[in-house]
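Questions regarding the structure given below will be posed in turn.
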Protein chains: 2
Amino acid sequence: MTNPTPTLRPCCGMTDVHTHVVPERFPAYVGKHLDARWPSTAPAHACHQHVMLAGSVYRTVSHQCWSSSVRLSDMDTTGVTRQVLSPMPELLSYWLAPEDGVAMCRFLNETIAGMVSAQPQRFVGLGAVPLQDVDAAIRELEIAVREFKLAGVEIGGNVEGTVIGDAKFSRFFAAAEQLGASIFVHPLRPSGADRLIGPAALEQVLAFPGETGLAAASLITGGTFAAHPGLRIAFSHGGGSFQALLPRLQHGWETFPVLKDKIALEPRAAARRFYYDSLVYDRATLAHLLHSFGDTQLMVGTDYPFLIMDKRPGDTLAALGLSPEVEARLHSGNAERWLGLA
Amino acid sequence: MTNPTPTLRPCCGMTDVHTHVVPERFPAYVGKHLDARWPSTAPAHACHQHVMLAGSVYRTVSHQCWSSSVRLSDMDTTGVTRQVLSPMPELLSYWLAPEDGVAMCRFLNETIAGMVSAQPQRFVGLGAVPLQDVDAAIRELEIAVREFKLAGVEIGGNVEGTVIGDAKFSRFFAAAEQLGASIFVHPLRPSGADRLIGPAALEQVLAFPGETGLAAASLITGGTFAAHPGLRIAFSHGGGSFQALLPRLQHGWETFPVLKDKIALEPRAAARRFYYDSLVYDRATLAHLLHSFGDTQLMVGTDYPFLIMDKRPGDTLAALGLSPEVEARLHSGNAERWLGLA
């Protein structure tokens, strides 16, 4: 951070599962599609650059996005021992032609793998896969895990409007289960964006949580999670609206015969096998998540280094007054299990 | 109910703000639009009939929907002293041509007013307005309140895809504020329906909450609630996902200068001036709503007489172990304030 606020709890060994990377430079576009939404960078003020997409500034980001030394310094300030690195979600590029998507994901995965291999004690990497082509996504997942040694990948809650619980993605989740790859679900191009009144920033503030909630529910109602019980999958922003949907889904499942017939897993039980980050900015909401999902499923997440980030990730957790054992789980133990490091 | 389950708390004077009415018969369509989605009824099994829309069965409903004597008997079983009657949401008919919408709303309002005037101690009425034409909606609201003596109206969270916080509806909310009309927001044709995998029942189970959450947020972010501070507005299903959106909206408002500049009301404070029903089917979630919104803003709601209804509305509240004073507020005091009966 430019002006880091010293946290009340200096170094407590947290693993921050929700941090984003933007490469310092992108390769030039060498594909064949005239209007491809391929990113590039342009100079901005000191230590910053613009991410350019389709000819305009998508977001202006700082060197925190690509500089490992800056990140490590920030981590020392906030008590984060280990960051899980994932691409800025817009870079997942599901709207590119499959061959361009492969090229972008390969580049992102190589970039993140490079950061991890230079600091293997401090960084864990999640890559990207071109889910607009499920076969290509499976191939890239294998390369990401086997060659690049990434822990897994970040995916959107939907791919060009198709929610991840759709049967077309089953083979991808089967591959993730088999490879032991960790999956981190982050909202992107959310439904509900047409219900917002106000500045563009409301998309991430108000529409992201609903997108994540519906994505999580779809893995239960569509049967994916029942078919792949070994899948280690985590949802960002505390699962978004999923905590609010869950009691109603549970009641519906108990009440509507058609839902009980078609949905193999009890929703409440399935929800306690997903993982979630803690990024809800509110003590009472975090306590409610712990009650709803269990203290074995929550992990620290901050959205570092973006404006919306939680700058004092340990404080909301500390305010809950948990036992040292439970706090240690939330700080790092659950993340290690999700990441397959335990 | 066909087989009422006796509640643990027999008669405790509850006002149930979320109950629906379907008229026993609809007038024949006399408009000029060939494919108007105008409802009719067709016989079903004993005490039931089909609501027909566009040539097929929309829903099969029982005489609980139109028979006051059946309703009163059920109310005595569940400890509900007073029901707030509102149309089955699909009947709001925003997709009809405005003149047909006026005719449908007038018919619904007359039907509900008739039920209320025969049992003024047991029923309070909410009508419908044709929000597809804001001028017509304002005229019908005046007639509903002044001539039909209804307490207010039920509205959707959106009208043909336009969320209620859009500036085009400001004049309607100004009229509601001036008339002292209570507004009950119920989801209808929700966003996110394209993210569901599974039976059609999932629309009401999973997509309704997000629609309501975004509708509530839009009244804050769009400025409607700041402009009409006297508006008495309630959200169904405990506000849906709004409780999950609120801490993130509050954090965004505190963090993004553009949001603080454009949004006049602090989201957390505004949320504590909306009303909500208690229909969340879960003790811990209800406790979280009480914490988030305050014990002056929650009211009993059941979705009587539909399949998804809460058959034991007093039990979840009783399990919270609240003081008699707070419980009385939740049972009826808050509803009386919202309805302007206090």
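Name the lysines eligible as straight-distance cross-link partners of B:LYS311: C-alpha to C-alpha under 28 Å, and not fewer than 8 places from it in the same chain.
In chain and number order, the partners are A:LYS260, A:LYS262.
If the viscosity is 0.890 mPa s and the temperature 25 °C, what translational diffusion coefficient in µm²/s does Stokes-Einstein give for segment A:192-300 when Rh comes from Kirkwood over Cα pairs?
On the way: Rh = 14.5 Å.
Roughly 169 µm²/s, to the nearest whole number.
A further question follows. Charges only on Cβ, +1 for Lys and Arg, -1 for Asp and Glu: so what's the dipole of chain B about the Cα centre, in debye to the nearest 20? The partial results should precede the final answer.
Working: 28 positive and 33 negative charges, 59 e Å.
So the dipole magnitude of chain B works out to roughly 280 debye.
Pick out which of A:GLU254, A:GLU160, A:GLU203 has the largest mean-square fluctuation in a Gaussian network model of chain A, springs linking Cα atoms closer than 10 Å.
A:GLU254
In the calculated pair distance distribution of the protein assembly as shown, what percentage of Cα-Cα distances lie above 31 Å?
On the way: 126478 of 233586 pairs.
Here the tail beyond 31 Å accounts for 54 percent of pairs.
Check every DSSP H run in chain B and write down those whose alpha carbon atoms cover 24 angstrom or more along the long axis and whose mean Kyte-Doolittle hydropathy is 1.0 or greater.
Details: long enough: B:98-118 (30 Å, 0.42).
Membrane-span-like by this rule: not one helix.
For segment B:245-318, what are Rg and Dmax over the alpha carbons, in angstrom?
Radius of gyration, then largest Cα-Cα span, for segment B:245-318: 15.4, 46 Å.
Right, another one. Select from B:VAL21, B:VAL84, B:VAL258 the residue whose mean-square fluctuation is largest in a Gaussian network model of chain B (Cα-Cα springs shorter than 10 Å).
B:VAL258
Test of understanding: express the Cα radius of gyration of segment B:13-53 as a ratio to 2.2 N^0.38 Å, with N the residue count. Spell out each step's value before the answer.
Numbers: Rg = 14.4 Å, N = 41, 2.2 N^0.38 = 9.0 Å.
Against the empirical 2.2 N^0.38 Å value, I get 1.59 for segment B:13-53.
Moving on to the next point. Can you give the three extents of the C-alpha atoms in segment B:280-342 along their principal axes, from longest to shortest, in whole Å?
Answer, in whole Å and largest first: 31, 25, 20 Å.
Mean separation of Cα pairs under 8 Å and 6+ residues apart, divided by the residue count of chain A: what relative contact order is that in percent? Show your work: numbers first, answer last.
Numbers: 659 pairs, mean separation 57.4, N = 342.
17 percent.
Within a 10 angstrom radius of each residue's Cβ in B:261-270, how many Cβ atoms of other chains show up on average? Whole number is fine.
Numbers: counts 1, 5, 3, 0, 0, 0, 1, 1, 0, 0.
Per residue, the number of nearby Cβ atoms from other chains is 1 on average.
Find how many whole Å separate the alpha carbon centroid of segment B:237-260 from the alpha carbon centroid of segment A:161-238.
21
Semi-axes of the equivalent ellipsoid for segment B:23-83, please: Cα gyration tensor eigenvalues, times 5, square-rooted, ordered largest first, whole Å.
Numbers: eigenvalues 168, 32, 15 Å².
Semi-axis lengths for segment B:23-83 are 29, 13, 9 Å.
Would you compute, from DSSP H runs of 4+ residues alone, the mean residue ellipticity of the protein assembly as shown at 222 nm, taking -39500 (n - 2.57) per run and dividing by the full residue count, rounded to the nearest 500?
Estimated from H runs of four or more residues: -10500 deg cm²/dmol.
Quick one: work out the % antiparallel among DSSP beta bridges in the protein assembly as shown, nearest 5.
Working: 24 of 74 bridges.
DSSP beta bridges in the protein assembly as shown are roughly 30 percent antiparallel.
Using C-alpha positions alone, give me the convex hull volume of segment B:80-200 per residue in cubic angstrom.
118
Okay, moving on. Taking only Cα atoms and a 10 Å spring cutoff, compute GNM fluctuations for chain A and point out the largest among A:ASP310, A:ASP282, A:ASP100.
Highest fluctuation of the listed residues: A:ASP282.
Let me ask another. Can you sort B:SER56, A:SER62, A:SER292, B:SER117 so the residue with the fewest Cβ neighbours within 10 Å comes first? Working shown, then result.
Working: B:SER56 7, A:SER62 19, A:SER292 24, B:SER117 12.
Fewest to most other Cβ atoms nearby, the residues stand as B:SER56, B:SER117, A:SER62, A:SER292.
Taking a quarter of the surface of the Cα convex hull of chain B, what do you get in nm²? It would help to have the intermediate numbers written out before the result.
Details: hull surface 68.2 nm².
That works out to 17.1 nm², a quarter of the Cα hull's surface.
Throughout, read-outs are computed from the coordinates displayed, never taken from laboratory work. In this text, all values refer to a predicted model and were calculated from it rather than measured experimentally. We place every Cβ from the backbone using ideal geometry, glycine too, and count neighbours over all the protein chains shown.
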